[in-house]
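The values are calculated or read from the model by the stated rules, or taken from the named source; none is laboratory data. Quantities reported herein were computed from a predicted structural model and do not represent experimental measurements. All Cβ positions, glycine included, derive from the backbone under ideal geometry; neighbour counts span all protein chains shown. Note: accessible area is taken over every heavy atom of the protein model, side chains too, but ligands, DNA and RNA are not part of it. Shrake-Rupley method; radii C 1.70, N 1.55, O 1.52, S 1.80 Å.
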Amino acid sequence: MSTTKGTSAGVTSDRPVPGSTPAGRSVLKVTLDPGPAEPEPTVEDPSPDPMADQPHETVITTKGFSSWYGKFQALHELDLEIPKKQVTALIGPSGCGKSTFLRWINRMNDTISGAYSRGEMVLAGEDITSSQCDVVDLRRRVGMVFQRPNPFPKSIFENIAYGARLHRRYDRSDLEELVEHSLRQAAIWDEVKDRLKDSALGLSGGQQQRLCIARAIAVGPEVLLMDEPCSALDPKSSAAIEELIRGLKQNYTIVIVTHNMQQAARISDRTSFFYEGRLIESGDTEQIFTTPAKKQTDDYISGRFG
Amino acid sequence: MSAIGSRDSLLQLTRSGRSRSARLREFVNRAFFTSCLLITSIAIIALTVLLTTVAVQGWDGLSLEFLTNFSSRNPEAAGIKAALWGSVWVCGVCGLVALPIGVGTAIYLEEFAGKNRLTSFVRTNISNLAGVPSIVYGIIGLTIFARMFGLPGIGTETEPGLTVGSTWYDSYYTADGGVAFRPLESRGAPAGAIVDGTPLLLVDEVDTSVVQPRQLPALVVADGDRGFSVALEEAAIPITIGTAEEARDRGATLAGFVRMTESGNPRVWDRTTAYLTDATLSGAVLDQATSVEGRWLSCEDLAGETLFVRVPDDRYRIESGDRAHRLRTVLPRITRTQLEATSTPERIEVMLGEGGRLVQGELWNEYRVQGRRPTRYALVEAKAAPAADPPPVGGWLPVYPRLRNEFLETGSRTVRASVVADDAPIDGLPPGAILASDAGAPLPDQRLERRSWYYFQFPFGKGVFAGGLTLMLVILPVVIIASVEALRAVPNSLRQASLAMGATRWQTVQKVTLPASIPMIMTGSILAMSRAIGEAAPILVLGVALFITRTPQNLMDQFTILPMQIYNWAQRPGESFQELAAAGIIVLLVVLLTFNAAAILIRQRLQSRLES
Ligand SMILES: Nc1ncnc2c1ncn2[C@@H]1O[C@H](COP(=O)(O)OP(=O)(O)OP(=O)(O)O)[C@@H](O)[C@H]1O
Ligand SMILES: [Mg+2]
């Protein structure tokens, strides 16, 4: 218990800020290439056990990050690191700023007038809050899956191909391959392979959500943001998505917001607890759920408030 | 247990309350239903009565001729073609301009513009503009498009400052008294001196209201050496159509009706307006070209060929081909009384130079009423004449194979003319030479302006383009509002999904928002277009000509539209004009219905494509 007391602060302290070292940068550059078709056997996850103390590279680092909607401050001085190729769960009561934080990572808050931020948020060495940051490229590198499945009213094929075609031209065969690969990664290929030409709106909610995940994957992101991806789904579909997330972890860094404690415990490697716009505690999932450092965290995960 | 008990007692209470308030409630409900039904049926009955009246009144007037004829002072011959095509042109311009601008504005307002004070001000104002009376837009259209504020250098409607695609012709007298036209460098070039040149024969004084929009029969006008058009000689009339071989094959044909005009030049009339006339060719004037007196009219034989018939006052003789001809003269403008008066059998003389052999025949007149117009048929029995008869003096005349029907401006009016086609030049005549026109006044001394289909001028004047733009003003707010609503109806989650994948705003609009909202945009726009078709007030303010007897030839051309034509007829006295108006209303309704049906079809197509 006492060892983990300082974890929330200590997470940042014992690791260099990625990007500040050229080495960290070059390693990350490798992952910029569109996702490899198969789970890479070479880049083996060094820690099948999340509790293991091996350090992970950090993909996203925030320092003193605050954000506002007009006069309302939604986030207060966040210091958080998100490790590479791990699942980070953001938990916290409603309105505590989880989605806000998530939307800053791919700058979706740009679409909200009056939203602005202060402080640092660094993705692979690049400050993504700056106005110089290429938002279009950032969003390509940081995919997002929304709470409600939102497929386009197009065919399943077109849905997947959409994102890829935004950024470059593809041959038909390449595109077909990409679509199949993405759908396979999202574990939905077998269900839809015979109806690629049909409208995506004809799929069930769970299938639609997996389609949205496949759609996000098809752009070749490094990071996948998921904002309560299972909240509109039945337990079976949720289980399918969870399984999927576990598989995706090998290739992608995943940040997931969830209100389901069991889910967070099941799928995430690290967990961050938000409360009223502040980061209360952040650490390895097992530690957070078994020996939380803060009483608020304990109360929240044991269901005493929130 | 106790909760269930209290619920039961509550239900009891509701049941007991039913006796009064519930009965009243039911009554109110019923009364409202009945009154709604009543109001609706009144509306439906009124509409039915109206439509039935229109249908009954207009049914007789509806015919193919009604659609293919131009407006006329004579209700029997009047048609709606000019207005129909005018509407098509104007609404085409209106739609082609309004849709991109409207949808573009909507996209900007909804997808790009931030929600600040200025944009909300613009939004409110667009909604307000939709309520502005259309007559106001007429005034705006007149000032902006027709006159362009009268800015210096822009010119006026009649004297445009800049024109593209127009050629000016200057008339001059040929050595033998004919009138010819030749192209000018510019409108302002000095008038040409009288020179000998390509001879031209002009058709004159035709009431344009009855001129049919068809190719004038080729007017054969030249007697090579002397450079004049018609060789009018006692012995023979060397006027025909076709090459010599052709003419021999199908029987020689002659076109036109020659009579004297004030200027002393013989003019050839178009067949459709030919009728017996008292005018004679006086020997004195014709000395230059001919020396015969007589009356002339054109006829059609049974094969539909036009013959040129001379009716001398003293002799009744038919000279024709070597087979019998039944000749028919179409008298479009003859009235029933005139018909009675002139129905005495008459013998006329037909002179054909067929193979150089003249034939004679006897003639009976026969009158028949066909369609809307009384038609006079002249039955001609022709007998073969002795083969030894002398050939016509002039011999075979050249054929003008390609004559284009064109409308020429004479400053104040538009005249119709046959023009030599560019790709089929005629010996001695440059392409584009004007062969014949039907100006309402003697054409010499006038300058003609020939406008190509791409003719364009500044300011736009009162043409199709200005009309379309004015209507565009009327429907633009409606299109914008409809499009904004359509874009707003697209769920925001789709935009977010697209943006989150790194799409730019334009990519999102182009690939997600617009396709999803197109069906609704189409519906709104087509409803707006229906309004444009039925709109008369702004066009009335624009002050376009009311009496138009041709379809628009270019974007700057004059036009009339269906509602204006209907209004024009409706305000005239007389049963027959009311009938025309009713028939016009039916046509307008059919056009509107077609339009709406198309809208529904397109919408369904797109919708099913999006959803499947
Ligand atoms: N567009 C916005 N404009 C103004 N305030 C906003 C906006 N979006 C969120 N907020 C406010 O910011 C705070 C954080 O919102 P956020 O959506 O991040 O919460 P959350 O943690 O995702 O909640 P939930 O779990 O319910 O989704 C809330 O108080 C919310 O009211
Ligand atoms: Mg949220």
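What the table shows:
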read-out	value
A:Lys71-A:Asp134 pseudo-label distance in nm [points 7 Å out on the Cα-to-Cβ vector]	4.0 nm
Long-range HN-HN contacts of B:Gly79 with modeled amide H, under 5 Å	B:Phe70, B:Ser71, B:Ser72
Note, ³J(HN,Hα) from phi for the range B:94-106, Karplus 6.51, -1.76, 1.60, rounded to Hz, x at Gly and Pro	4, x, 5, 8, 5, 5, x, 5, x, 5, x, 4, 4
Restraint check, A:Lys84/A:Lys249; A:Lys71/A:Lys294; A:Lys63/A:Lys85; A:Lys84/A:Lys236; A:Lys154/A:Lys197, Cα-Cα greater than 18 Å	A:Lys71/A:Lys294; A:Lys63/A:Lys85; A:Lys84/A:Lys236
Alpha-carbon centroid distance for the pair the range B:490-550 / the range A:56-76, whole angstrom	42 Å
Against the rule of thumb 2.2 N^0.38 Å, how large the Cα Rg of the range B:106-161 comes out	1.63
Radius 12 Å from Cβ of B:Phe145, net charge of other residues (Lys, Arg +1; Asp, Glu -1)	+1
Additional length obtainable on full extension of the chain from B:Arg25 to B:Arg572, 0.36 nm per residue less Cα span	191.4 nm
Label-point gap, in nm, between B:Trp59 and B:Thr504 - each point 7 angstrom along Cα→Cβ	6.2 nm
For the range B:551-612: rounded, prolate or oblate by the Cα gyration tensor [a/c cutoff 1.5]	oblate
Per-residue HN-Hα couplings for the range B:585-590 [Karplus 6.51, -1.76, 1.60; θ = phi - 60°; Hz; x = Gly/Pro]	4, 4, 4, 4, 5, 4
Heavy-atom accessible area, 1.4 Å probe, ligands and nucleic acids excluded: residues of the range B:494-527 down by at least 50 Å² from chain alone	B:Leu494, B:Gln496, B:Leu499, B:Ala500, B:Met501, B:Gly502, B:Lys511
Estimated FRET transfer efficiency when R0 is 22 angstrom, pair B:Trp453-B:Ile101 (beta carbons, to 0.05)	0.35
HN-Hα J in Hz across the range A:159-165 - Karplus 6.51, -1.76, 1.60, θ = phi - 60°, x for Gly and Pro	4, 6, 5, 3, x, 4, 6
Rounded FRET efficiency, nearest 0.05, which uses the C-beta distance separating B:Ile44 from B:Ser186 and R0 of 60 Å	0.45
Förster radius 51 Å - calculated FRET efficiency between A:Gln250 and B:Ala489 (Cβ-Cβ, nearest 0.05)	0.80
For A:Ser66, residues with placed amide H under 5 Å, excluding near neighbours	A:Glu77, A:Leu78, A:Arg118, A:Gly119
Spatial extent of the range A:206-306: Rg and Dmax, with the Cα atoms as the point set, Å	14.3, 41
